[in-house]
Every structure is written in C-alpha cells, then in structure tokens.
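Novice: Would you mind keeping the following structure in view while I ask a few things?
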Amino acid sequence: MRKLLGLMLMGLLGAGAGPSVAQDAGDYPNKPVHIVVPYVAGGGGDIFARRVARPLAKELGTEIVVENRGGAGGNIGMQAAASAAPDGYTIAFALSAQLALNPTMYPNMTWDPIEDFEPITWLAWAPYVLVVHPSVPAKTV
C-alpha cells in the first residue's frame, strides 16, 4: 500500500479541508495524525498547513501534529513522510515543486513521488502572472 500524499498544493491561496483521509479501519483515527511540512516553520507552507490542521482535527476528531522538516528543496521532509508507516497517520503537505521538479533536479533522491505516495486532494491553486514594463515591446510570451 502506498502512503498518503496529502494536501497537495499548487500554491498558497485558498483553503478548504474536509474528510479527505479515508481508511478501511472503522476506528481510524485512534491516535494523532502527523502532517509533515517540508518547509521551515513560519513560512507560507507552514502557515497554510496549520490553517488546514485545525478544521481537519475537528473533522477527524483527533489531534493533528504539524511537523516542519525543511531543507534540501523539500527532500528532507518528503523523505521523512515516505519513510513513515503506510497507515494513514502521516500525511505529506507537498507543493508541485517536490512532486514534479525534484525528481529531475535531484537524481539521487531516496523517495519516489509516484511509488511512495498516494494523492488525497488538491487543496489550493494559485495562478501566476507574467508582467513586463509597458515600454517592453513584447505582447506575447
């Protein structure tokens, strides 16, 4: 069974948490659920994860522990989540950078975004805008 890759993010805008974690066991959860955030405390990813943790804890009826494991472009935190037991009690809070870019940029990664995780939900989306000064003659990318 692959681990849960929860709370996938494409950006840091918007919020919404619901009963995204589904388990076969009728007594789930019977202990705290850990959200591994592969960023340092106080940053955008951490703030957003904590914003989501409160309603998720209420919905699941258990404590949610946010663990910051920053460094190495998110690889330290993602490795920690990949090494956890595949029991639904560890959820990774990942941006598309860790899932799409890191396998290309770090060829010796010890975790695999496809084999080691199972997506739960797309939690947020933030559009990007490309702008130039009006004096630049470019009209298209």
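The values are calculated or read from the model by the stated rules, or taken from the named source; none is laboratory data. Given the structure is predicted, the values throughout are model-derived calculations rather than measurements. As a convention, Cβ positions derive from the backbone with ideal geometry for all residues, glycine included, and neighbour counts pool all protein chains shown. Keep in mind that these areas ignore ligands, DNA and RNA; they rest on the heavy atoms of the full protein, side chains included. Shrake-Rupley method; radii C 1.70, N 1.55, O 1.52, S 1.80 Å.
Novice: At 7 Å along Cα-to-Cβ for each site, give me the label-to-label distance between residue 72 and residue 58 in nm.
Specialist: Placing both labels 7 Å beyond Cα along the Cβ direction yields 3.7 nm.
Novice: From the protein chains alone at 1.4 Å, what is the descending order of accessible area for 37, 131, 65, 141, largest first?
Specialist: Heavy-atom accessible area, descending, gives 141, 131, 65, 37.
Novice: In nm, to one decimal, how far is the residue 85 label point from the residue 132 one, both placed 7 Å along Cα→Cβ?
Specialist: Using points 7 Å along Cα→Cβ, the separation is 5.6 nm.
Novice: Also, quick follow-up: Express the carbon and sulfur contribution to the solvent-accessible surface of region 81-141 as a percent, rounded to the nearest whole number, probe 1.4 angstrom.
Specialist: Carbon with sulfur: 64 percent of the solvent-accessible area.
Novice: Ordering 128, 106 from largest to smallest accessible area (1.4 angstrom probe), what's the sequence?
Specialist: 128, 106
Novice: Separation between the residue 114 and residue 31 pseudo-spin-labels, each 7 Å from Cα along Cα→Cβ, expressed in nm?
Specialist: 3.2 nm
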